[in-house]
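The values are calculated or read from the model by the stated rules, or taken from the named source; none is laboratory data. Since this is a predicted model, take the numbers as computed values, not measurements. Cβ placement follows ideal geometry from the backbone for every residue including glycine, while neighbour counts extend to all protein chains displayed. These accessible areas exclude ligands, DNA and RNA; they are computed on the full protein's heavy atoms, side chains included. Shrake-Rupley method; radii C 1.70, N 1.55, O 1.52, S 1.80 Å.
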Amino acid sequence: WDEREWTLVWSGSDLLHAVWCSRDGSLWLGSQDGLLRRGPLGWIAHGTEEGLPPGAVYCFWEDQRGRFWAGTAQGLIRWHPEADRDPPRTELNLPEGLRLPEGATLTVGVRARDRWKFTPTARLLYSYRLDAGEWSAPQESTVLMWGDLRPGRHLLQVRAVDRSGNVEPTPAQREFIIQLAWYRDPRLLVSVVAGALGASFFALLAWNRHRQLRRSYAEVERQVAERTRQLEAAYQELLQSQKMKALGTLAAGVAHDFNNLLSIIKGSVQIIEDHLDDPVKVRRRLDRIKTMVEQGTRVVQAMLGFSRSSQEHLSPADLNEVVQDTLALMGERWRDAPRIRFEAGSDLPPVPMIRDLVQQILLNLLFNALEASDENAPVVVRTGCRQDLPAGLALRPAPAGLYGYVAVRDFGCGIPPEHLPRIFEPFFTTKALSSRRGTGLGLTMVYEMAKRLGGGLAVESRPGQGSTFTLLLPVRPPEPPQTGERVNDASTVAGAPAARASGEQTRE
């Protein structure tokens, strides 16, 4: 009763015989089975194990000297609390730092010992608290269980209480950890969020980089296209310059021939006019005029053969005749005996070729040979047939059982070994610093025209001893013309496209 209402503080099946309040504030109950004491820790039962006689306790009181008396069915007894003042000591069956998964049940075994064993081990009571909460009421159970504990670190404290009310001053304690499920771990969530943010950042960075690269690539492609157009224009200018140079050389030679022919004809006509009455002189001069006309006709035929339509396909031709016609285009200045010597091969079979391409190749090789030689050094042109391929191939011909060849040999300065692999590259020239500056396209066009013919090229050179360039033409049946196939203007030497830098054949 708290002056306002009644509150139930104990209930049991035993008959209650006595109620007493001691000076320390403890409430004592006498029942059929013994005494019950309610103190600050809760209810503590006293029975036969603590020395009470079996049976009911009918009364209980505290005298003036603080002694406790109880009236039982066996007589009057006195309690001696001063006999046991030492509290028990608790032991926990729980490893330190134990880790349990979330949702697991924690089971802890407890055990205590009274120093003087006034209270048997089985009669000791245990009070506990978790995470500095409220202490539980003393209980006899030696097994403590918890379920659904929150994740994190926990502190369990247990203290033993004997039947005399002695409480263990320093409770036994253990720390344990309830681990959060991995998918609920805040650190994992933080890591996932951080990873997502990092991935988004780097993805955005990569996308931005990709966009910049695309812009850069577009700019590079635009610049490459612009430079390609500029190089193509420069190449066309150089090609045109090479054409005009070759055309000028041919024109000079042909003009010289025709000047000589016309001079002879003019002189013969004047002699005829002055000696009309002398039939012998007139006949002799007429024969001379016919001879000069025939020579002019041969030069014109050679020029026509050189300037035929570029749509011709491979057709059999006499290799010696082609060489002779080409030499006829060189003019008397180059056809002097000390300069060019033609060694024609005998019994040559007809060789499939495009006549004007072969003449362009020979003219380029002859001009190079004459410029590389001294003024009185000879240049030898040799034709023939062979079954094997020579050494020093810069371009391998198409497979064939027999090859017709034209070799142009000079006795000039030769080609250094370090320059030999590059002589067919576009714009490569060793005349850049000389008075006879070259464009570097002559041998490139020779290479391309020979490749178009299906032929091969071989180069042999020794510094100080001269060089030999050999054009190899496979002897095979003629091929049908290809639609759209064209050869550049045959009236110039520089009519073939320049070799590409990638090069389909090894030029060494």
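Local charge for V282 was computed over the other residues whose Cβ lies under 14 Å away, with Lys and Arg +1 and Asp and Glu -1, and equals +1.
Counting only protein heavy atoms, what percent of the accessible surface of the range 65-121 is carbon or sulfur at a 1.4 Å probe?
Ligands and nucleic acids excluded, carbon and sulfur give 48 percent.
Given a 1.4 Å probe and heavy atoms of the protein chains only, how would you sort E96, E91, largest accessible area at the top?
E96, E91
A DSSP coil position with no more than 13 other Cβ atoms inside 10 Å describes the following chymotrypsin sites (Phe, Trp or Tyr not before Pro) in the range 9-106: W10. Heavy-atom accessible area for D114, with the other protein chains in place and a 1.4 Å probe, reaches approximately 10 Å².
Which of rounded, prolate, oblate describes the range 362-432, given a ≥ b ≥ c as roots of the alpha-carbon gyration tensor eigenvalues and a/c under 1.5 marking rounded, otherwise prolate only if a/b is larger than b/c? Oblate.
Treating each Cα of the range 84-207 as one equal point scatterer and applying the Debye formula with no solvent, the log10 of I(q)/I(0) at q = 0.14, 0.16 Å⁻¹ comes out as -0.67, -0.79. Sorting the segments 80-86, 379-385 by their residues' average number of neighbouring beta-carbon atoms within 10 angstrom, most packed first, yields 379-385, 80-86. At each listed q (0.20, 0.23, 0.30 Å⁻¹), what is the log10 of I(q)/I(0) that the Debye formula gives for the range 16-71 modelled as equal alpha-carbon point scatterers? These q points yield log10 I(q)/I(0) values of -0.68, -0.89, -1.30. Shape analysis of the range 1-156 based on the Cα gyration tensor places the equivalent ellipsoid semi-axes at 35, 20, 14 Å, largest first.
Considering every alpha-carbon pair of the range 154-227, the percent of pairs per 5 Å bin, from zero through the bin containing the longest distance, is 4, 11, 8, 8, 7, 7, 7, 6, 6, 6, 5, 4, 4, 3, 3, 3, 2, 2, 2, 1, 1, 0.
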